[in-house]
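Peer 1: Before I ask anything, here is the structure I am working with.
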Amino acid sequence: MSQSFREFFLNKFLMLLRPTDIEMSAKDFISTYASYMTSLGIVGKAPSGHAYYPSRTAPVDKEHVQFFEELIDLAHSLDIHTAVSMDFYTDGWFGRDPKYQTITDRGVVMTHQICPNREEFWEYGAEIVKEIASYPVDEILLLGAGFIRDHFCFCERCRRDFAPLVGQEPDRLTYQYIVENPDYHAAWHKWRSDVVHEGIRRLQEAAREADEATGRATPLRITVEVLIDPESGLAEGAKNEYGYDYSVIGQITGSLMINLYPWSPILPTRGSKEYDDLVESLYFVNEFKRRGGTVSLFRWGVTTMDQLRELQDLAKDTGIDRIAGTFSYPQDYSVRRESAIGAY
Ligand SMILES: [Zn+2]
């Protein structure tokens, strides 16, 4: 792997590292690779819900704290662009708490991802943003910022808030009732995306508050992950499934990260119809950038130079500014994949 680290850095790949990806101290890692590095990503709050820094609000994974703090300090002192990831609704800690759980209309409860319609959780996320912002980092990679898919959420609060908009009793609201009427379905999409954007807006406010409190020269950037996969209808389908609107995110944070084919192991090859469809669905990137935004291409489980080159090619063909990724898949990957594209 040591050879790859060097190659990945040389290719300006923003590597989002888990401390366990590196079998050496932060100091040794930085002194070995700093001369190749322009940017570096490190997990700040994992999908387990645990923080890898000494958080006062989230449960802390203590064994990673020293590594996190040393890495951030060293990278900052060498002027390396540092990004810290923060899983938002993908939170296995709150996912176990019935007050936060997201649920299907038939009462199937998820425990890996919570309902976005939780104003109090936005406040919790805002605290996490401020805590991360107290470190000299340049960027937060905001992961898991949407709904699991169109079949969510039918928790008590979502029923109560949405049912009146389509003339239904909260207890009698079903997914079937919504999709049978195109107007209701459109209202569902609109309402869910408003929820998602409000959550992101609150975190962006927190970043601005932190900028003022710490007197940052350059504002802390929040880069929002969006999932784009053929199983969920590429870019257009993703809007309805997960509840985000690229242009609205552009207005709020100005930075987007496309998690490419999260549910599909193989990327289409250049020249194939599927590749062309993908490139076409990413046309929105141009408009996003024209309005001053930045777009990154991200993928889980990138370990070979071939995989890296595939991303470089697609980035080039679509005008995407930066490529990023992780070496490994999230630990709860199979559950997530099943909940996002499985049958309901
Ligand atoms: Zn809900």
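Peer 1: So if I place +1 on the C-beta of Lys and Arg and -1 on the C-beta of Asp and Glu, and nothing else carries charge, what would the dipole magnitude of the chain be about its Cα centre? I want it in debye, nearest 20.
Peer 2: 120 debye
Peer 1: Going by Cα centres, segment 157-182 and segment 75-112 are how many Å apart?
Peer 2: Spelled out, the Cα-based centre of one part sits 26 Å from the other.
Peer 1: Another question, if that's okay. Taking every pair of distinct Cα atoms and averaging 1/r, then inverting, what Kirkwood hydrodynamic radius in Å comes out for segment 1-125?
Peer 2: This gives a value of 16.0 Å.
Peer 1: Multiply the residue separation of GLU156 and LYS273 by 0.36 nm, subtract the distance between their alpha-carbon atoms, and state the gained length in nm to one decimal.
Peer 2: In short, 37.8 nm is gained.
Peer 1: Another question, then. Using 1/(1 + (r/R0)^6) with R0 = 51 angstrom and r between the beta carbons of LYS62 and MET305, what's the FRET efficiency to the nearest 0.05? Show your work: numbers first, answer last.
Peer 2: Numbers: r = 35 Å, r/R0 = 0.69.
The value I calculate is 0.90.
Peer 1: If you average the sequence gap of Cα pairs under 8 Å that are 6 or more apart and divide by the length of the chain, what percent do you get for the contact order?
Peer 2: Values: 612 pairs, mean separation 53.9, N = 344.
Taking the mean separation of contacting Cα pairs over the length of the chain, I get 16 percent.
Peer 1: How long are the three semi-axes of the equivalent ellipsoid of segment 1-55, in whole Å, if each is the root of 5 times an eigenvalue of the C-alpha gyration tensor, listed from largest down?
Peer 2: Three semi-axes, in Å: 22, 12, 10.
Peer 1: Something else: Hey, quick one: spin label on THR20, modelled 7 Å out along Cα-Cβ, who in segment 314-344 has an amide N within reach, i.e. under 20 Å?
Peer 2: Inside the label zone: 325-338.
Peer 1: If R0 is 35 Å, what FRET efficiency do you get for TYR36 and GLN251 from their C-beta distance, rounded to 0.05?
Peer 2: 0.50
Peer 1: Let me ask you something else. For the chain, what is the calculated [θ] at 222 nm in deg cm²/dmol (nearest 500), taking -39500 (n - 2.57) for each run of four or more DSSP H residues and dividing by its residue count?
Peer 2: -13000 deg cm²/dmol
Peer 1: How big is the equivalent ellipsoid of segment 191-344 along its three axes, where each semi-axis is √(5λ) from the Cα gyration tensor, reported in whole Å from largest to smallest?
Peer 2: Working: eigenvalues 137, 70, 53 Å².
In descending order, the three semi-axes are 26, 19, 16 Å.
Peer 1: If the reach is capped at under 20 angstrom between alpha carbons, list the lysines near LYS289, excluding any in the same chain fewer than eight residues apart.
Peer 2: LYS12, LYS239, LYS316
Peer 1: Farthest toward the dipole's positive end in the chain, which of ALA34, PHE8, PHE298, given Cβ charges of +1 (Lys, Arg) and -1 (Asp, Glu) about the Cα centre?
Peer 2: Toward the positive end, the furthest listed residue is ALA34.
Peer 1: Lysines near LYS130 by alpha-carbon distance under 19 Å, same-chain residues fewer than 8 away left out - which ones?
Peer 2: LYS45
Peer 1: Considering the zone a paramagnetic label at GLU123 would reach in this model (a point 7 Å from Cα along the Cα-to-Cβ line), which residues of segment 177-204 have amide N under 20 Å from it?
Peer 2: From segment 177-204, the list is 195-204.
Peer 1: Assign unit charges at the C-beta atoms only (+1 for Lys and Arg, -1 for Asp and Glu), then state the dipole size of segment 1-149 relative to its Cα centre in Debye, rounded to the nearest 20.
Peer 2: On the way: 13 positive and 21 negative charges, 81 e Å.
For this selection, approximately 380 debye.
Peer 1: Right, something else. Limiting things to C-alpha atoms, what are the Rg and the maximum Cα-Cα separation (Dmax) for segment 179-256, in angstroms?
Peer 2: That works out to 15.2, 52 Å for Rg and Dmax.
Peer 1: Which value, in debye to the nearest 20, gives the size of the charge dipole of segment 204-333 about its Cα centre, when Lys and Arg are +1 and Asp and Glu are -1 at the Cβ?
Peer 2: About 480 debye.
Peer 1: Moving on. Taking the Cα centre of segment 290-344 as the origin and placing charges on Cβ (Lys, Arg +1; Asp, Glu -1), which of GLN307, THR318, ILE341 is farthest toward the positive end of the dipole?
Peer 2: It is THR318, whose Cα lies furthest towards the positive end.
Peer 1: Suppose R0 equals 56 Å; then what is the FRET efficiency for ASP79 and ASN181 from their Cβ-Cβ distance, rounded to the nearest 0.05?
Peer 2: After rounding, the FRET efficiency stands at 0.50.
Peer 1: Once the mean 1/r over all distinct Cα pairs of the chain is inverted, what Kirkwood radius in angstroms do you read off?
Peer 2: Kirkwood radius, the chain: 20.6 Å.
Peer 1: Right, next: Using a Debye calculation, one point per C-alpha and no hydration shell, please list log10 I(q)/I(0) for segment 238-321 at q = 0.11 Å⁻¹ in order.
Peer 2: Here log10 of I(q) over I(0) equals -0.30.
No lab work stands behind these numbers, since they all come straight from the coordinates. Please read all numbers here as calculations on a predicted model, not as lab measurements. Cβ coordinates were reconstructed from backbone atoms using ideal geometry, including for glycine residues, and neighbour counts include every protein chain displayed.
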